[in-house]
Each structure stands twice: as structure tokens, then as C-alpha cells.
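Peer 1: Before I ask anything, here is the structure I am working with.
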Amino acid sequence: MLNQFVRAARLAVLETARDAQHRAANEVTDEHLLLALLNQPRTAPARLLRAAGVTSEKVDEAFRTAERKAGLSDAEASMLLAELGIDLDEVVAHVERSLGENALVGVARPRRNRPPFAPVAKDIIRGALDQARSMRHKGELRSEHLLLALAAHDGVAGQLLAAHGLGYLDVRARLAG
């Protein structure tokens, strides 16, 4: 599948694995995909992200906040808990008062040479391939397609992008213009 990626997208995906390994992450997530796009300063997605005020620090902060909530984005938490009338922030605060800060952060798993891609990262890459096909880019996956897939996803990266005015339709329009 990697042969379908043009150079910038290939570098972004390879960067995600290196970044996840460097951060001692258990798996590659949408956080690493978004950071990799930011770390390619000459690409259209990086320029778009910077212009909207998305920084590595903001990405780190958003994912640390989500990590404290067992990895759930606000949208995911709302969907899962709304019917039960449960406030996730209250639950996290209660657990952390009882068990200590970051008590809900994932338990460390045995390390591999490189962390595997999490299901969310695989979904985003598949979504990027769908974006490339829908835009008729001849089977070439570009970094722009990765950004569109991130913006279309309901996870933490998608939520962060939307908070910076980069919802899916906004990103698509800005990349086209």
C-alpha cells in the first residue's frame, strides 16, 4: 500500500512511526499523523494548519487531555455517555481524586521495535485513500488526503481541527482554493 503514497504522504506516515517510537507510545495514533503533517513545513497541509493556529503544543495538549479521559474525544464521550446522563469530566476528576492524576492513562504494554498502527490510524489512512479516489488523484495518496481524513474523523485530531476552524468542508475548500 505504501507505494500508492506520494513522497510527502509517505514521509508523513513514516514520521508517525518514528514519532510514536520516540515518544515511547504503545501505538501510532491520529496524534502522530497530525504531528507528522505539521512537521512537513513546505506542504499545503502544514501551511494550512499553521495559518489556523494549530501547533505541536496544541496537539500534545489535546491528546494529553483525551488520554486522561481514557483516550476519548469529547464527541466520542458524548455519544457513549449521553444516554446514561454521565459527565465524563466528573468521572475523570473523581477517579483522579481517588487513584491519582492520570489514573486512566493506558497501562503500558510490551514494547516492540516500532509501535503498531492503532485502529484509528489505520482508519484514517484508509479514509485518506478514499479521499484520493474521490478526488480522482489516480491512486496517489497525498498529505492533503491525510489532512482531509483527519478532519473527517470524530476523534481527538478531528475535534482539534474543528476547534481551529478546520472542519472537513473547510479543509476541502481551502485545499481546493
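Computed from the coordinates by the stated procedures, all read-outs in this text should not be read as laboratory data. Given the structure is predicted, the values throughout are model-derived calculations rather than measurements. Because the Cβ atoms are built from the backbone with ideal geometry, glycine has one as well, and the counts that use them run over all protein chains shown.
Peer 1: Rounding to the nearest 10 and keeping the result within 0 to 90°, find how far the Cα-based axis of helix 119-134 lies from the longest principal axis of the chain.
Peer 2: Helix 119-134 and the main axis of the chain meet at about 30 degrees.
Peer 1: How would you classify the range 23-64 from its alpha-carbon gyration tensor, with a ≥ b ≥ c the square roots of the eigenvalues: rounded for a/c under 1.5, else prolate if a/b is greater than b/c, otherwise oblate? Walk me through the numbers on the way to the answer.
Peer 2: Details: a/c = 2.87, a/b = 1.64, b/c = 1.75.
Because a/c hits 1.5 or more and a/b fails to exceed b/c, the range 23-64 counts as oblate.
Peer 1: Just to be sure I understand the model, the point goes 7 Å from the Cα along the line to the Cβ. What's the resulting Met135 to Ala44 distance in nm?
Peer 2: 0.5 nm
Peer 1: May I ask you to work out the translational diffusion coefficient for the chain at 37 °C, viscosity 0.692 mPa s, via Stokes-Einstein with Rh from the Kirkwood sum over Cα pairs, reported in whole µm²/s? Working shown, then result.
Peer 2: Details: Rh = 16.9 Å.
Stokes-Einstein gives a translational diffusion coefficient of 195 µm²/s.
Peer 1: OK, next. Please give me the summed charge of the neighbours of Ala93: other residues whose Cβ is under 13 Å from its Cβ, Lys and Arg +1, Asp and Glu -1.
Peer 2: Net charge around Ala93: -2.
Peer 1: What spacing in nm lies between the two simple spin-label points modelled at Asp123 and Gln21, each 7 Å away from Cα in the Cβ direction?
Peer 2: Simple spin-label model gives 2.7 nm for this pair.
Peer 1: Taking the Cβ-Cβ separation of Asp154 and Leu14 as r and a Förster radius of 25 Å, what is the calculated FRET efficiency to the nearest 0.05?
Peer 2: In this case the efficiency is close to 0.45.
Peer 1: Same structure, new question: Using Cα pairs closer than 8 Å and at least 6 residues apart in sequence, work out the relative contact order for the chain, in percent. Present the calculation step by step, with values, prior to reporting the outcome.
Peer 2: Details: 219 pairs, mean separation 55.6, N = 177.
Result for the chain is 31 percent.
Peer 1: Something else: So which lysines pass the test for Lys69, namely a Cα distance under 19 Å, with those fewer than 8 places away in the same chain ruled out?
Peer 2: Answer for Lys69, where 19 Å is the Cα cut-off: Lys58, listed by chain and number.
Peer 1: Another question, then. Using a Gaussian network for the chain with springs between C-alpha atoms less than 10 Å apart, which of these wobbles most: Arg64, Arg126, Arg23?
Peer 2: Comparing Arg64, Arg126, Arg23 in a Gaussian network model of the chain, the most mobile one is Arg23.
Peer 1: If you don't mind, another one. Among Leu148, Leu104, Leu84, which one moves the most in a GNM of the chain with springs linking Cα atoms closer than 10 Å?
Peer 2: Taking springs between Cα atoms under 10 Å, the residue moving most is Leu84.
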